[in-house]
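The values are calculated or read from the model by the stated rules, or taken from the named source; none is laboratory data. All figures in this text were calculated on a predicted structure; none of them were measured in a lab. Positions of Cβ are backbone-derived with ideal geometry, glycine not excepted, and every protein chain shown enters the neighbour counts.
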Amino acid sequence: MTIPIEEVIASVESENDPKSPAFLDQVWKDTWDRVKEAQIASTGQETALWRTAGRATKAHPNKEDESWWLENGREMLDSWVKFRTSGLDWSIWEAPGGIPAIEIVMTPDIGGVPVQMAIDRVMVTPSGELVVVDLKTGQRTPSSDLQLAIYAVGMEKTFGIRPQYGTYWMARQGATSSLIDLDFYTAEMIEQIVTGFDKARKDGLFLPNYSHCVMCGFKKQCQWNKEGK
């Protein structure tokens with residue numbers, strides 16, 4: 001189970017005074033209750049039956065269950081507030097029409113394939129560079145920058161503006177990864193990748209990725225999983 005920290009953070013950024021502990025407590029509680037109720041309604045299962053990630057510890061023998069998120073999710077929210085007020089001086093970019101680049105949803109055409117995407121943040125550095133920021137709540141920083149590159153091309157297709165850089169904001173560390181220069185990925189390269197994915201999907205060709213079994217939610221059902229659990 002996971003709680004969309006992005007949704008909580010978006011609520012914080014829409015207010016004038018996000019630093020008040022009482023306000024943050026209320027935002028966290030309201031979002032948690034809303035997401036919890038929606039999940040129960042859609043699955044028909046109480047939180048005790050939800051699949052949990054992470055490792056079992058003495059403090060949390062049931063891994064990252066409801067009690068874990070209630071304890072740690074609130075700290076992630078605090079980390080974002082600190083990140084935004086730490087003097088980094090990155091501002092939220094405004095899309096054409098004056099729309100703040102917070103959870104921008106778009107469906108650009110990439111190589112003839114409509115690709116639906118939701119970009120967590122696009123920010124502007126003091127020197128004017130645009131940075132795609134993707135929020136992550138997992139333990140590991142993604143090893144691939146392809147997601148960020150696809151977002152950059154999506155923005156180029158949609159707005160005619162392409163961010164040069166991308167980064168992951170890691171909620172558990174409360175900091176961003178190193179800035180990634182996305183100029184290496186041309187629009188043509190991304191189009192080739194996307195059309196390849198689309199062809200494989202249509203042909204029913206899904207090759208197992210052995211290096212990511214630990215993160216896969218279907219490993220118990222997968223014949224290629226050597227661990228069998």
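If only residues of the stretch 48-66 that are of a type outside the set (A, V, I, L, M, F, W, C) and loosely packed, with under 13 Cβ neighbours inside 10 Å are counted, the one that is nearest to the chain's Cα centre (by Cα) is R51. Quick check, is W90 under 20 Å from the mean Cα position of the chain (by Cα) and aromatic (F, W, Y)? So W90 fits the description; yes. Is there a residue in the stretch 102-119 that is of a type in the set (A, V, I, L, M, F, W, C), surrounded by fewer than 17 Cβ atoms within 10 Å (Cβ to Cβ), without any contact (Cβ under 8 Å) to a residue 40 or more places away in the chain and not assigned by TED's automatic domain parsing to the domain that holds F197? Scanning the stretch 102-119, I find no residue that is of a type in the set (A, V, I, L, M, F, W, C), surrounded by fewer than 17 Cβ atoms within 10 Å (Cβ to Cβ), without any contact (Cβ under 8 Å) to a residue 40 or more places away in the chain and not assigned by TED's automatic domain parsing to the domain that holds F197, so the answer is no. Entry remark, the stretch 21-33: residues being surrounded by 12 or more Cβ atoms within 10 Å (Cβ to Cβ) and under 17 Å from D65 (Cα atoms) number 4 in total. Being touching a helix residue (DSSP H, G or I) at 6+ places or on another chain (Cβ under 9 Å), assigned by TED's automatic domain parsing to the domain that holds Q192 and surrounded by 13 or more Cβ atoms within 10 Å (Cβ to Cβ) is true of P163.
Taking V132, is it of a type outside the set (D, E, K, R), modelled with pLDDT of 95 or more and touching a helix residue (DSSP H, G or I) at 6+ places or on another chain (Cβ under 7 Å)? Yes, satisfied. Kindly provide the set of residues from the stretch 95-119 that are touching a strand residue (DSSP E or B) at 6+ places or on another chain (Cβ under 7 Å) and either hydrophobic (A, V, I, L, M, F, W, C) or at pLDDT 95 or above (or both), ordered by number. Of everything in the stretch 95-119, those that are touching a strand residue (DSSP E or B) at 6+ places or on another chain (Cβ under 7 Å) and either hydrophobic (A, V, I, L, M, F, W, C) or at pLDDT 95 or above (or both) turn out to be A95, A101, I102, I104, V105, M106, T107, M117, A118, I119.
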